[in-house]
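Okay, so here's the structure we're looking at.
The values are calculated or read from the model by the stated rules, or taken from the named source; none is laboratory data. Everything numeric in this text was worked out from a predicted model, so none of it was measured. As a convention, Cβ positions derive from the backbone with ideal geometry for all residues, glycine included, and neighbour counts pool all protein chains shown. When the accessible area is computed, the model is the full protein with side chains, heavy atoms only, and any ligands, DNA or RNA have been set aside. Shrake-Rupley method; radii C 1.70, N 1.55, O 1.52, S 1.80 Å.
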Amino acid sequence: MPLRLEIKKQLVQRTDRVKGVDVHPTEPWVLANLYNGNVYIWNYMDQTLVKSFEVTELPVRAAKFVARKQWVITGSDDMFIRVYNYNTMDKVKTFEAHTDYIRCIAISPTMPYILTSSDDMLIKLWDWEKGWNCVQVFEGHSHYVMQVSFNPKDTNTFASASLDRTIKVWSLGQPTPNFTLEGHEKGVNCVDYFTGGDRPYLISGADDKLVKVWDYQTKACVTTLEGHAHNISSAIFHPELPIIVTGSEDGTVKLWHSTTYRLENTLDYRMERVWSLGYSKGSNCIAIGYDEGAVMLKIGRDEPVASMDNSGKIIWARHNEIQTVNIKALGADFEMSDGERLPLPVKDLGSCDLYPQSLQHNPNGRFVVVCGDGEYIVYTALAWRNKAFGSGLEFVWSADSNDYAIREASSKVKIYKNFQEKHSLALGFNAEGIHGGSLVSVRGSDFIVFYDWEGRVVRRIDVAAKSVHWSESGNTVAILGDSSFYILKYNREAVEEHFASGAAAGEDGVDDAFDLQAEVSERVRTCVWVGECFVYNNTAWRLNYCVGGEVTTVVHLDRPMYLLGYLAAQNRVFLIDKEFNVVSYTLLLSMVEFKARITAGELDSAMELLPSIPQDQHNSVARFLEAKGMVSTALQVATDQDYRFDLAVQLGDLEVAQAIAVTLDSMPKWKQLGEMALTAGKLDLAAECLTRASDFSGLLMLASARGDRSGMAAVGASAAAGGKTNVAFLAYFLLGRLQDCLNLLLESHRLPEAAFFARTYLPSGISPALVKWKADLAAINPKAAEALADPAAYPNLFPHLDEAFRAETLLAEQRSKLVPASSYLDAAAAMAASLEGGLEGLLERLQGLGLGSDEHEELEEEVVEEAEEEVAEEEVAEEEEAEEAGGDEAMEEEEAEEPAAPAPPPPAPVSAPPPPVPVSAPVSAPQPPAPAPVAQEAEEEEEEDPFGDPVGDAGADVGNVAAEDLDDDWGLDGDGDGEA
């Protein structure tokens, strides 16, 4: 079969001509040396330029990483070798190495040596530990020496390629070549050694457009690769993949199978001539240098070829070599830690005659099948002896270890039993793949067909599947797609009854063969079944498991890992990385079985397993139960108190939630419980919870709803102590404790609000509040502070202030007479009525509340005064009309008189005064109004009187209350006439 090599471009950089490339062994870096004299290092993972060196103005034809020294070594047409530290960018060494262009640099993998070759036909060996002394010169070539390469299996030998059409093999310390390989008809440009396996091969490419593979032991040409249309500039054996990579000046890169020498792929990125190829051991990447830039490719997959049987024996393939480890070799006393590499002793099992692309144990672990190169070989697992072989694109095992199926071609699938052909499936479509298990599944382009092992159609499912995995019981199957996977239940009895009845199955098979259990929108990389639990890792490298459609994350993996299997005895799942390091993670079988039984509706039997699950896993069990709607059971199982509280709240169980809240003593929990208690009507519990939570606003609401004055007073005090000024203010205000409200505003430095509050509700506190306000404001704006008027100094600016003082006294007495809640409706009606009638109505109501006779007389005096004022207002209105008719003259006179305070006029005559009422104090006459014919004067008057009412403002309809009523309401000037 052709090699299934995925090729992905990781880096494409457009630059000047690239003469050489190299790949860093540990960092994601590619090195490129350019014809223009520069050297660049790019990060091929994030496409960024890491370092750049301006080496010389002449071409740099060679550059290599020396990772163990953090160096970059360059060789250029000025005949100099330069050594740079790629971390510090310092130049470590510069020396003249040759008398002509330097063509190549090779780094010894084990010794402090470098080899350089040049157009001066010499090869030189340099030792950096001896001050970069030239320790040996190799002479023998009769033309330019284009490339040198160390033998990775014997680092004391190296090969050289020259334009004299030969390849020579040398040994360090020997002045002459060991032997010469001749066969190319033109100059040889490149040479490289085979690194994998035990084949003593090297490869060369020349200007005759040919690539030759040589056996350096027999000195014979093994094969010649033909296909390029121009000079071969570079040829390599890939260190990790079974491929030969060749680059040519025809602009193409060709991939050849290193065993069969079959051409697998041709790459052409349209960047003109190919000059160099680079690779690094341990990596699947290949770097290519072109005339127009550099390209980095990732070839193949990182997933290792490995398999584990049910006993813990793991077999993997390193190239063609087969190795094995056994988890049981660690011993019963060994303690495994999650995510830590297991120190498993590796044993060589043998080699494989083909390059393994897949390796798989059969269900009982006795046999292992290896597939690759269009063939399969079945080996015994213990001795690694060949049991069977044949041609086949794919090989899959049945759940019965004696059966297997082979896809020999795109339309030909055969079923074998005991290594004998039994059935051949008649496919009416091209099969893209097959999968084993309880049934044989054959995958088409956008559907999958299940057959039993007798070759009968069980069911066709229209889904674009990538893989199929059966559980050990054969009752459940997972179908994996590009972006999601499906869990289906297999109805074995229904299928067997259908076939037993002799009924025809139709094109789509048995209708009731499968039932969909779950669909999960995640792409699966690798997976295993543990009972009825599907364990997998996804594209984000999270290790998850799925039971009943519920996905649980076991761990976030720190690097790409691939699932091997599960061992119930250790309760652990095992994974392997691309370096064949094996790690494990805990996955409790009792937990998996518990969840499986819950999914099956077997609650009682599932709860019997609960004692076998460790306490630290009970919260995970509880979350699974909650997801299944079993919240009360989850509350019983959970151990985390925060989680138990949330479950109790979810159930509405106040008693359990309260008990947990006492244990946690968390303010958010108490607040949440208090809100829940309020909803349930448990007011005492709500009060306790809100008190513990210091939720003053909630306590205020509760106290006001219950009519609890003592509780509201306590809330006010606590809120004030706790800095919750707004809540405390509202509590005191609802209680009628106006002095406490004023003190609270003063203490919290809210002085303007205190002054206005006193003006509205507590006239006796105006002056003290005003003194503090003026003192505070003077530090910021002295003029503004001087503009504040004190009623003690400017009583004319505060109409009805005396009445407000008396009303304050009367209301304070009335406020002490509490109204029971049973009289709420009467009190509310009285309050509504208080909006009508102004001050006169208020005085009448206050007298009706049972005040003394002296007070009654004083109130009557006020009524007389109001009547006189009304008459005076009518006369003033007539005068205003006359003055307005006077025109501008009157306006000028008024403006001239404005700076001086107007003198109070004598009382206006009353045509029909009311009956005389004895009064205790003379009534002061109202002041004459200030005419306001234009808006400008109104603005000036408003500025002079910040506490008065701007002219005309009170004329608007304010809550359907008449302007004359506003005149009598707490000293506000309603009609803008300047009179009270």
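The stretch 322-418: which trypsin sites (Lys or Arg not before Pro) are DSSP loop and have at most 16 other beta-carbon atoms within 10 angstrom? Answer in residue order: 341, 366, 385. Taking Lys and Arg as +1 and Asp and Glu as -1, the other residues whose beta-carbon sits under 12 Å from that of residue 618 total 0.
Decide, for the stretch 703-844, between rounded, prolate and oblate: order the square roots of the alpha carbon gyration tensor eigenvalues as a ≥ b ≥ c, take rounded if a/c falls under 1.5, and otherwise choose prolate if a/b is larger than b/c, else oblate. It comes out oblate by the Cα gyration axes.
Could you list, in their original order, any pairs among 124/186; 254/281; 298/466; 64/281; 9/347; 9/93 whose Cα atoms are separated by more than 26 Å? Check vs 26 Å cut-off fails for 9/347; 9/93. Summing charges over neighbours of residue 45, with a neighbour being any other residue whose Cβ is under 13 Å away from its Cβ, gives +1 when K and R count +1 and D and E count -1. Taking amide H atoms as placed 1.01 Å from N in the peptide plane, the amide H of residue 509 lies under 5 Å from those of 460, each 5 or more residues away in sequence or on another chain. Taking only protein heavy atoms and a 1.4 Å probe, the accessible area of the stretch 295-369 is 40% carbon and sulfur. For the stretch 112-259, the fraction of 1.4 Å probe accessible surface lying on carbon and sulfur atoms is 42 percent.
With a cut-off of at most 11 other beta carbons within 10 Å, and DSSP calling the residue loop, which GluC sites (Glu not before Pro) in the stretch 507-567 qualify? Please list them.
In loop regions of the stretch 507-567 (DSSP not H, G, I, E or B), the sparsely surrounded GluC sites (Glu not before Pro) are 507.
Of all lysines in the structure, the ones whose alpha carbon falls short of 16 Å from that of residue 595, not counting any fewer than 8 places away in one chain, are 628.
Given a 1.4 Å probe and every protein chain left where it sits, what share in percent of the accessible area of the stretch 602-659 is carbon and sulfur?
45 percent
Ranking 589, 427 from most to least accessible surface, computed with a 1.4 Å probe over the protein chains only, gives 589, 427. Just to confirm a number: summing +1 for Lys and Arg and -1 for Asp and Glu over residues other than residue 134 whose beta-carbon lies under 14 angstrom from that of residue 134, what do you get? Cβ neighbours under 14 Å give a net charge of -2. Residues in the stretch 105-150 average 38 Å² of solvent-accessible surface per residue, probe 1.4 Å, ligands and nucleic acids excluded. In the full protein context, the stretch 634-735 carries 49 Å² of accessible surface per residue, based on a 1.4 Å probe and ignoring ligands, DNA and RNA. The label-point distance for residue 793 and residue 340, in a model that sets each label 7 Å from Cα toward Cβ, rounds to 8.4 nm. The lysines within cross-link reach of residue 724, meaning a Cα-to-Cα straight distance under 25 Å and a gap of 8 or more places when in the same chain, are 669, 671, 772.
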